[in-house]
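Quick notes on the structure that follows.
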Amino acid sequence: MKSSVKLTVNGLEQEHQAEPRTSLLTFLREQCGLTGSKRGCEEGECGGCSVLLDGELVTSCLIFAVEAQGAQLVTVEGLGTPHHLSPLQEAFATDGASQCGFCIPGMLLAATNLLERNPDPNEQDIRKAISGNLCRCTGYDLIVAAISMAAELKKGARG
Amino acid sequence: MEAQDLKIVGRSIPRVDVTSKLTGQALFGEDVKLPGPLLHGKILRSPHPHAIVKRIDTAAAEKLAGVKAVATAADLPDVRIGKNLKDEHYFASDKVRFVGDRVAAVAAVSREIAEEALRLIEVEYELLPALTNPIDAMRPDAPLVHPDLMNYQVVAAAQPEGGNVCSLNSLSRGDPEAGFAEAHQVFEQQYITEMQHQAYMEPHACLATYNPDNTYTVYTSTQGIFGMRNSVAEALGVPQNRVKVVGTEIGGGFGGKIVMKDEVAAATLSRKSGLPVRIVMTRAEDFMCGNPRAGFYITIKTGVSKDMRMVARTMEIVLDGGAHAMGAALMCWALPQFAEGPYSIPNLRVTSRCVYTNKANSSAFRAPGGPQTNFAVESETERIATAMGWDALAFRRKNLMPEDHPNLAGTPMRSVNVEETLDAALEISGYDPAQTGLGPNRARGLALGNWNVGGMPTGTVLKMNDDGSANLITGVVDLTGVNTSLTQVVAEALQLPVEKVTVKSLDTDSAPHAAQSAGSQTLKSMGTAAVQAAQEVKQQLFELAVEELDATPDNMELAEGEVRVQGSPERTVAVRKLLAKHMANSGPVVGKGGTGAFSRMPSFCAHIADVDVDSETGRVTLLRYCASQDVGVAINPVICIGQVQGGVAQGVGMALSEGLTYQDGQPQNTGFLDYKIPSALDLPMIETKLVEKPAVEGPFGAKGIGEPPCVPVPAAIANAIYNAVGVRVTSLPINPEKLRRAIKAKKEGQASS
């Protein structure tokens, strides 16, 4: 029943056995030991499990692990390290964008994806980009502000 | 209170937990890892809203390959549990009382096998008629959810009346009937709200182990580890010292993670299987088995004088309590503070009944009882002003609560900053009472809110390290950034940089008893205790420095890691040196602090919502939202702003889209597809103004901040809708379907008249 699934997560190759019904989210959390991606609803509604799969933003609870065979994945653990946060993570920290933090991994990936596609987003672009990521703590303002600030920082860095 | 010279309090330092949360390292309920194998637990929950359990047969489930343990009521002591009224068996033994009531539990090597095993458990039910509405439940011929109610043990607050009324509370002052008789006009209206789920992003999750020394360790996502520990120990029938509860990071609570859930099932399955057991609710289970905000049926009656005074009010409230009393019964007791609102009404009576129904157990949700009652109070303020031809703002100002106003329990309210708070909202929004319209079908609405913040018994320990840095040990759950604020409080009190203060939330074995993180009192209680602990530490350090400084302790001060003689900056000794010199003789420097309960003191807020109503579809769009809040002193302003904005967002959900619906006792919306909480596209920027005026109690004059901002939102939006389209909706949520119908009815009424 189980088959071998080999993929690259945050630049590291991972190979584990997975049942056909195992979701990519469960594979990441239980086989790869990466619990940053969150199980909030398992029906693609909350966005807590968002990851980048070959550059596309996906909800990993709705994808089977076997479908990701050979894929390049980025999860929250791949965005920055505690000693070297990404500019987006820095902006979230400075702006107080994280409260309970449960939605934050998904938010960060949705925002990373947005800034890759659109380096100069306006408020509505940002709201649209994170509209698939529910947050119950913040009312979104400080998250929107942080993403906006990260875009500014990146622009500044590009000069 | 005197102006304070504060260095660290009042700064928006980043949260101390932020890096772990931004890098995916924070361990939430489901993320806890232990060495060795782990079992997955699943709960068999009742599919029926009301039934007698005649027989449970678990034999087939136990035989399934991969199943390691099955638990039922037979595995626990035959005791009824409950914090206010002992009305619940942990596993249903005689009856099930709502869809989701716990019947049995299974632990297996995988979730799938556990789910398969649930299907093999045979339960024979005898169905009973279900109650989905508390008004029906109060009819004399209604079936009884708890036929033995009057024999149940009352623990606190609940006052069973009989029938399905598990608590009846009434408080009054003056003579409301006489007040109505003398009033110039009397207004009466009914308001209805639905059950609202906390919808925290992290579903309930726990992991339990039964240990070789006959103790249990329970890791769980909870707002209060000590309350949880006591509940688990009670249900397991063991002394509290034999249960250790470790609070994990918590993915939102809002009152929904106070009551024990599947922890005892996990602990029992671990005892029976010999392995750790993890139980994680699915989102559907969480919607079904959570503790939502109670639905209210409110009848509000207000008498006003010719000169715009509120002279009398009665409020009769029927709460949809759900299947067990839990927090809803306690809420009855807390409701009087809201009936009066931020006003002063001489003749006042509040009567509330908490009524059993065959639905999820209602309990606390951010400002329990606040938004429901405020929806009635502040809708009435505007309705009365409109009917009387008064300026609603002037009407409010005339009746605002003064300083030292006694609440219904007789306690004088202190630090009443309601007028300043109202003015702040008017200023940021540019609100003009004569011009609430913003164009066709567009208008603004105002509502004031209040929430009285108490305090719960709590203790803490502050340890000075050899190098002069300090660790604060608490048993409080860091739900809203409290460990960050406590870091600032301790740093300020000891005059240390924040880098030299660490605040950690430890487990029930390691920390002194702490309040739960709820009721907006966490920082007030724990911060007060921390300031006390810091005072003890200072006192000990000053006594150690008597010899070195040749001065008395009352002439000393702490600054920059040194003890100094006041007024003689050259006479100093480094704390580090004092500790090194005296450790051998005097032992370590450790301070402890603790507080009992505080009486409840008010925090206020004022909100202004700008809406656009699509009169064809009934859809409401928020154009702008302004919120001011009376915070006393903002220990960390960004955290305060985040609390205000988040509270507003939850209020918007309650106002416009959220409500748990049931059909014949069956829950209808148990996922985010059907239960819509606001997304980033549903909200405007929430313009926030913190009103700072140090309060008479609380660390450095800080007030509680978490609950108030969700209180006035439904009323502010309902008032804006009225100002936009002339329709007063008196039930929540004001979803497009309801508003469209109301607009249509108004048009038809106008056409026919």
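The values are calculated or read from the model by the stated rules, or taken from the named source; none is laboratory data. Since we're looking at a predicted model, the values are computed, not measured. Virtual Cβ from ideal backbone geometry, glycine too; neighbours counted across all protein chains shown.
Being surrounded by fewer than 20 Cβ atoms within 10 Å (Cβ to Cβ) and either facing chain B (nearest Cβ under 9 Å) or assigned to a strand (DSSP E or B) (or both) is the filter here, so list the residues in the range A:54-73 that pass it. A:GLU56, A:PHE64, A:GLN72, listed by residue number.
For the range B:7-24, filtering for residues that are in contact with a helix residue (DSSP H, G or I) (Cβ under 6 Å, 6 or more places away or on another chain) and either assigned by TED's automatic domain parsing to the domain that holds B:ARG414 or not β-branched (Val, Ile, Thr) (or both) leaves 6. Do the conditions hold for B:LEU690, that is, is it surrounded by fewer than 19 Cβ atoms within 10 Å (Cβ to Cβ), more than 8 Å from chain A (Cβ to nearest Cβ) and either hydrophobic (A, V, I, L, M, F, W, C) or over 24 Å from B:ALA720 (Cβ atoms) (or both)? When the stated conditions are applied, B:LEU690 does not pass them. Report whether or not A:VAL51 is surrounded by fewer than 20 Cβ atoms within 10 Å (Cβ to Cβ), touching a residue at least 24 places away in the same chain (Cβ under 8 Å) and in contact with a strand residue (DSSP E or B) (Cβ under 8 Å, 6 or more places away or on another chain). No; evaluated as a whole, the condition is false for this residue.
Mind telling me which of the residues B:LEU76, B:LEU64 ends up being within 30 Å of A:GLY40 (Cβ to Cβ), surrounded by fewer than 21 Cβ atoms within 10 Å (Cβ to Cβ) and touching a residue at least 40 places away in the same chain (Cβ under 8 Å)? The conditions single out B:LEU64.
Being over 13 Å from B:GLY41 (Cα atoms), touching a helix residue (DSSP H, G or I) at 6+ places or on another chain (Cβ under 8 Å) and surrounded by fewer than 23 Cβ atoms within 10 Å (Cβ to Cβ) is a property that B:LYS272 lacks.
What do you reckon, is B:ILE705 more than 14 Å from every other protein chain (Cβ to nearest Cβ), touching a helix residue (DSSP H, G or I) at 6+ places or on another chain (Cβ under 7 Å) and part of a loop (DSSP other than H, G, I, E, B)? Spelling it out, it is not the case that B:ILE705 is more than 14 Å from every other protein chain (Cβ to nearest Cβ), touching a helix residue (DSSP H, G or I) at 6+ places or on another chain (Cβ under 7 Å) and part of a loop (DSSP other than H, G, I, E, B).
Only residues that are surrounded by fewer than 21 Cβ atoms within 10 Å (Cβ to Cβ) and either part of a strand (DSSP E or B) or out of contact with any Gly (no Cβ under 8 Å at 6 or more places or on another chain) (or both) were counted across the range B:96-117, and they come to 4. If you go through the range B:645-680 and keep only what is assigned to a loop (DSSP other than H, G, I, E, B), touching a strand residue (DSSP E or B) at 6+ places or on another chain (Cβ under 8 Å) and either within 12 Å of another protein chain (Cβ to nearest Cβ) or within 23 Å of A:LEU142 (Cα to Cα) (or both), you end up with just B:GLU658.
Summed over the range A:78-91, residues that are surrounded by fewer than 22 Cβ atoms within 10 Å (Cβ to Cβ) and facing chain B (nearest Cβ under 7 Å) total 4.
Residue-wise test of (1) assigned by TED's automatic domain parsing to the domain that holds B:GLU124; (2) in a loop (DSSP other than H, G, I, E, B); (3) at positive phi.
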{"residue": "B:ALA26", "(1), (2), (3)": "no, yes, no"}
{"residue": "B:HIS40", "(1), (2), (3)": "yes, no, no"}
{"residue": "B:HIS48", "(1), (2), (3)": "yes, yes, no"}
{"residue": "B:LYS54", "(1), (2), (3)": "yes, no, no"}
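In this structure, A:ILE130 does not satisfy being within 12 Å of another protein chain (Cβ to nearest Cβ), of a type outside the set (D, E, K, R), more than 27 Å from B:GLU249 (Cα to Cα) and within 16 Å of the chain's Cα centre (by Cα).
Against the numbered list (1) over 25 Å from B:ALA294 (Cα atoms); (2) assigned to a helix (DSSP H, G or I); (3) of a type in the set (A, V, I, L, M), B:ALA715 comes up short only at (1).
Scanning the range B:697-733 for residues that are more than 23 Å from the chain's Cα centre (by Cα) and either surrounded by fewer than 24 Cβ atoms within 10 Å (Cβ to Cβ) or farther than 22 Å from B:GLU340 by Cβ (or both) yields B:PHE700, B:ALA720, B:ILE721, B:TYR722, B:ASN723, B:ALA724, B:VAL725, B:GLY726, B:VAL727, B:ARG728, B:VAL729, B:THR730. For first residues located in the range A:3-24 and of a type in the set (Val, Ile, Thr) and in a loop (DSSP other than H, G, I, E, B), partners that are surrounded by 12 or more Cβ atoms within 10 Å (Cβ to Cβ) and modelled with pLDDT of 95 or more and lie 6+ apart or on another chain with Cβ distances below 7 Å form the pairs A:THR22/A:PHE64; A:THR22/A:ALA65. Selection of the range B:623-644 for residues being buried (at least 22 other Cβ atoms within 10 Å of the Cβ), in contact with a Pro (Cβ under 9 Å, 6 or more places away or on another chain) and assigned to a strand (DSSP E or B) yields B:TYR625, B:ALA627, B:GLN629, B:ASP630, B:VAL631, B:GLY632. In the set (1) more than 26 Å from the chain's Cα centre (by Cα); (2) in a loop (DSSP other than H, G, I, E, B); (3) more than 14 Å from every other protein chain (Cβ to nearest Cβ); (4) of a type in the set (D, E, K, R), B:LYS33 fails one condition alone, (3). Name the pairs whose Cβ atoms lie under 6 Å apart, with the first residue in the range A:28-40 and at the interface with another protein chain (Cβ under 8 Å from one of its Cβ atoms), the second surrounded by 22 or more Cβ atoms within 10 Å (Cβ to Cβ) and among the aromatic types (Phe, Trp, Tyr), and 6 or more positions between them or separate chains? Hits for this filter: A:LYS38/A:PHE102.
I'm trying to understand the selection: among the residues of the range A:92-109, which are surrounded by fewer than 24 Cβ atoms within 10 Å (Cβ to Cβ) and either facing another protein chain (nearest Cβ under 7 Å) or at pLDDT 95 or above (or both)? Break it down stepwise before answering.
Let us first name the residues in the range A:92-109 that are surrounded by fewer than 24 Cβ atoms within 10 Å (Cβ to Cβ), namely A:93-95.
Within the range A:92-109, A:ALA93, A:THR94 meet the criteria.
Considering only residues in the range B:1-30 that are within 7 Å of chain A (Cβ to nearest Cβ) and among the β-branched types (Val, Ile, Thr), the one that is surrounded by the fewest Cβ atoms within 10 Å (Cβ to Cβ) turns out to be B:THR19.
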